[in-house]
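Only one structure is covered here, and it is reproduced in the block below.
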Amino acid sequence: MVEGDKLRTKLNYIQKNVEELEIIKHFSYQEFLEKPFCFAASLRYLQVAIEAMTDVVMHIIARERIGLPQHHGHAVELLVQKGIFSSEFGLTLRKMIRFRNRIVHIYDEVDERSIYEVIQSHLQEFHEFVDIVSREYLREV
């Protein structure tokens, strides 16, 4: 059985980071470029929000004894197979994990435009993740 308090803490952490990204989202691209802290902060907020998501996924798999994932993408696939996430949303989560890996491992190839576009177009995916996990495991939305 999953630990509700642990999930709540991780989900709140995701929401807190996304709230900060929502503030940055209101900047024009030019303002984003003129404020170097926006880029640096955005990288970190995205990285740790995605890491918290993978922590949640791994916690669910471990506590529910769903399987032994080979990597984070495989962990998401196990939850798709269990019916927690749709195939489409599972694909989205795997893309987010790959994006986090880019930020961490090939950071010198991540540019301001790509980060700005993620902030403008993909924050809803974090909200969707929190909603699904809350509904499935915390009975909250």
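The values are calculated or read from the model by the stated rules, or taken from the named source; none is laboratory data. In this text the structure is predicted, and so the values were computed from the model without any measurement. Because the Cβ atoms are built from the backbone with ideal geometry, glycine has one as well, and the counts that use them run over all protein chains shown.
Assorted remarks:
- When residue 34 is tested against (1) without any contact (Cβ under 8 Å) to a residue 60 or more places away in the chain; (2) over 23 Å from residue 3 (Cβ atoms); (3) surrounded by 17 or more Cβ atoms within 10 Å (Cβ to Cβ), just one condition goes unmet, and that condition is (3).
- Checking segment 47-55 against the condition returns a match, with at least one residue being surrounded by 18 or more Cβ atoms within 10 Å (Cβ to Cβ), touching a residue at least 60 places away in the same chain (Cβ under 8 Å) and not charged (D, E, K, R).
- Single residue of 93, 46 found to be under 21 Å from residue 127 (Cα atoms), out of contact with any helix residue (DSSP H, G or I) (no Cβ under 6 Å at 6 or more places or on another chain) and not small (Gly, Ala, Ser): 46
- Residue check for residue 97: within 25 Å of residue 12 (Cβ to Cβ) and at pLDDT below 95: no
- If you go through segment 74-91 and keep only what is assigned to a helix (DSSP H, G or I) and either buried (at least 17 other Cβ atoms within 10 Å of the Cβ) or within 10 Å of the chain's Cα centre (by Cα) (or both), you end up with 75, 76, 77, 78, 79, 80, 89, 90.
- Under the condition of being part of a helix (DSSP H, G or I), farther than 10 Å from residue 112 by Cα and of a type outside the set (S, T, N, Q), the residues counted in segment 31-56 number 15.
- Filtered by the rule that a residue be in a helix (DSSP H, G or I) and of a type in the set (A, V, I, L, M), segment 122-141 gives 130, 132, 133, 138.
- Single match in 113, 139, 65, 98 (criterion: in contact (Cβ under 8 Å) with a residue 60 or more places away in the chain, surrounded by fewer than 15 Cβ atoms within 10 Å (Cβ to Cβ) and of a type in the set (D, E, K, R)): 113
- Of all residues making up segment 15-30, the number that are touching a residue at least 40 places away in the same chain (Cβ under 8 Å) and assigned to a loop (DSSP other than H, G, I, E, B): 0
- Checklist (1) at pLDDT 95 or above; (2) touching a helix residue (DSSP H, G or I) at 6+ places or on another chain (Cβ under 6 Å) applied to residue 34, failing item: (2)
- Residue check for residue 11: in a helix (DSSP H, G or I), within 17 Å of the chain's Cα centre (by Cα) and over 20 Å from residue 123 (Cα atoms): no
- Residues within segment 62-81 that are modelled with pLDDT of 95 or more and either in contact with a helix residue (DSSP H, G or I) (Cβ under 8 Å, 6 or more places away or on another chain) or among the acidic types (Asp, Glu) (or both), tallied: 6
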